[in-house]
1. Please list, ordered by chain and number, the residues whose modelled amide H lies under 5 Å from the amide H of Arg91; skip anything fewer than 5 residues away on the same chain.
2. Please report Cys122, Cys11 as a ranked list, fewest other C-beta atoms within 10 angstrom at the top and most at the bottom.
3. What's the magnitude of the charge dipole for the chain around its Cα centre, counting Lys and Arg as +1 and Asp and Glu as -1 at the beta-carbon? Answer in Debye, nearest 20.
4. For region 172-180, in order, what is each residue's ³J(HN,Hα) by Karplus, 6.51 cos²θ - 1.76 cosθ + 1.60 with θ = phi - 60°, in whole Hz (x at glycine and Pro)?
5. On a straight-distance basis, which aspartates and glutamates could pair with Lys112 in a cross-link, Cα separation under 16 angstrom, same-chain partners fewer than 8 positions away excluded?
6. Show me the trypsin sites (Lys or Arg not before Pro) within region 54-147 that DSSP assigns to loop and that have at most 13 other Cβ atoms within 10 Å of their Cβ.
7. With charges only on Cβ, +1 for K and R and -1 for D and E, what is the dipole size of region 82-201 about its Cα centre, in debye, rounded to 20?
8. How tilted is helix 108-121 with respect to the longest principal axis of the chain? Cα atoms for both, answer in degrees (0 to 90, nearest 10).
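What follows is calculated from the coordinates using simple rules that are stated; it is not laboratory data. Predicted model, so just to flag it, every value in this text is computed and none were measured. Reconstructed Cβ throughout: ideal geometry from the backbone, glycine too, with neighbour counts over all protein chains shown.
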Amino acid sequence: MRTFLAIFVLCVLAVFGLLGRRGKHFTKPPLYIFPDMEWQLKLRPQKPNGFFTNGISSQLQVAGTIARSEPLETADGPVYPYQDAPVNTGRITGTTNFVENNPLQITAELLKRGQQRFTINCTPCHGALADGNGITKKINAMATVANLHDKRIVEMTDGELFFVISNGRNLMQGYGANITVKDRWAVVAYVRALQLSQLGTIEDVPEALKATLKK
């Protein structure tokens, strides 16, 4: 057994020595065991190509083509998903600073959508009140679920909340692939509403509505 392991290790070292570092640290070009994985047939943009009748590789869209994505309407105009814009990243463009406020207009419709998305994606862990007492904590004793009413989270900017929802943090996975950009901002707005419902004071209530409150 020892002899086999020794031979195996020597073979691995030999293969790595011959193939693993060529082209990176040695002047000799790399060796490719499967060259088709590295050099694939493809069309370069704007290069001549005889396949199409007009002789170029880049073609205009076929009539009736439907766009793969729709722009998100913001106060600064339409923004597409591929753009490096605060509404897509939660950060001020060109910096690592998070935007202070939700870039979308806060409406009853947005809050209702945020409640729906929160209920589906966030309630299992954070609970319906966002206090960290979701079903996963009760069943699996997950003591690390964040209470979204904690001071450190309440003091986060809207952009940082959006960033955490998108990319995750600590044991929380990112939901960027599950929830659309607009819906993530809707969730942020709804979380703020939940925080206000738990931490708000009588002074936060508009004067016109104070009289309707029950003591």
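1. Val99
2. Values: Cys122 23, Cys11 10.
Final ranking by Cβ density, sparse to dense: Cys11, Cys122.
3. Details: 24 positive and 17 negative charges, 199 e Å.
Computed about the Cα centre, the dipole is about 960 debye.
4. 7, 7, x, 10, x, 7, 9, 10, 5
5. Qualifying aspartates and glutamates at Cα under 16 Å: Asp183.
6. Counting only loop positions with at most 13 other Cβ atoms within 10 Å, the trypsin sites (Lys or Arg not before Pro) in region 54-147 are Arg68.
7. On the way: 12 positive and 9 negative charges, 60 e Å.
Here region 82-201 has a charge dipole of around 280 debye.
8. 60 degrees
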